[in-house]
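Right, one structure below, let's go through it.
Nothing in this text is a laboratory measurement; each read-out follows from the coordinates by a stated rule. Here the structure is a predicted model, which means the values were calculated and not measured. Cβ coordinates were reconstructed from backbone atoms using ideal geometry, including for glycine residues, and neighbour counts include every protein chain displayed.
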Amino acid sequence: MSTVSVVGATGRQGLAQINQLLKQGYDVRALSRSKSPNLGEFTDRVHSRYLDIEDESTIEDAVDGSQFVFYNHPLNLNSKREQLCTNLGNACKNVGVERLVWNTASWIPDRPGNSHTYTGNTRGINALWATGVPSTVFGAVLFMDNLLTDWARPMLMNEKRYIYPHAPDIGANWISLDDVAKIMMASLDRPDMVGSWLNIGGPERLTGAEVAATLSTVLGFELDYDPCTPEEFSDLLVAAMGDSVPKENRKGFASYISEVYHYNNNAPTTPFSVNTEYMLERLPEIKLETFASWARKQDWSGSSSIRPSGG
């Protein structure tokens with residue numbers, strides 16, 4: 001079976017992709033800055049190679065021998081999207097990778113003009129195309145699984161508050177990481193998706209109040225929706241990400257996150273909304289999970305030892 005290398009294998013996004021790839025019989029390789037990455041239940045089931053995505057000299061050896069590469073871009077390196085996509089694309093092209101699939105973990109602008117930080121996705125995509133490696137890019141707008149991390153779950157369970165910095169009237173197409181992984185895998189058998197990008201999201205566009213109401217039903221107690229300020233949210237997120245964001249970068253990263261959510265709440269574009277009708281026309285083989293169905297399957301007890309996915 002083909003070998004798929006997963007860049008960012010130790011995070012929630014990468015782990016979900018490893019899980020789905022193993023279910024389909026792929027030979028999976030975890031690429032990580034750790035020489036002995038902790039992949040939980042998958043640690044003994046996959047190969048691993050060292051990769052520091054910021055060190056160009058490590059990339060080619062890491063991806064060599066892979067038919068496919070899944071790239072999960074680190075949230076705290078968003079300013080380097082163009083450079084990192086160029087380096088990864090060139091390395092994959094040089095060793096003959098058949099397809100590179102980039103999960104941007106954020107919306108891809110679909111119209112001209114300045115779209116704040118999201119313009120970096122457009123630049124990264126153009127840089128990737130320029131390397132010549134066969135590529136497909138997906139912009140997943142918001143992950144259901146983020147609610148299991150330490151910026152969200154403790155407040156849900158202990159304070160009975162769902163905290164998120166969305167204006168009350170803004171809807172979002174939350175998508176599960178398993179569905180993101182399935183979409184990435186489906187593209188491997190689709191030659192028509194080479195050189196294409198697509199925003200992806202779940203089947204429902206939910207406001208904050210609707211998310212809180214769904215979780216209230218699933219968890220069995222009433223949750224209040226707290227549309228916190230972007231500044232409050234950015235502080236929660238940075239604290240939850242812990243050591244994955246160096247101390248000297250935390251203030252700048254928090255400022256970046258708060259600016260993103262101010263943009264999201266006031267922009268004429270809709271960075272958390274997806275044209276799901278068009279998406280499913282492109283991906284008719286995918287059956288998307290609803291938010292309630294996903295939530296009922298999760299273990300909401302305890303705390304998270306894995307960093308947030310971003311998005």
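The modelled label-to-label distance for the pair Gln24/Glu210, using points 7 Å beyond Cα in the direction of Cβ, is 2.9 nm.
Spacing of the modelled spin labels on Trp129 and Lys287, each 7 Å from Cα toward Cβ, amounts to 3.5 nm.
Across the chain, Cα pairs under 8 Å and at least six residues apart give a relative contact order of 19 percent. Here the calculated FRET efficiency for Thr43 and Arg296, from their Cβ-Cβ distance with R0 = 30 Å, stands at 0.60, rounded to the nearest 0.05. Just so you know, the Rg over Rh for the chain is 0.94, from Cα atoms, with Rh as the Kirkwood radius. If both residues of a DSSP beta bridge must be in the chain, then about 5% of such bridges are antiparallel.
Per the Debye formula on identical point scatterers at the alpha carbon atoms of the range 57-172, with no solvent, log10 I(q)/I(0) at q = 0.12, 0.16, 0.20 Å⁻¹ is -0.54, -0.82, -1.06. I need the chymotrypsin sites (Phe, Trp or Tyr not before Pro) found in the range 165-244, filtered to DSSP loop residues with at most 15 other beta carbons within 10 Å of theirs. Listed in order of number, the matching sites are Phe221. A cut-off of 5 Å between modelled amide H atoms, ignoring neighbours fewer than 5 places along the same chain, links Ala172 with Leu206, Thr207. Relative to the current alpha-carbon distance between Asn94 and Glu248, full extension at 0.36 nm per residue lengthens the span by 51.9 nm. Taking the centroid of alpha carbons for each part, the range 93-166 and the range 176-197 are 14 Å apart. Over all directions, the projected convex hull of the C-alpha atoms in the range 154-311 averages 10.7 nm² in area.
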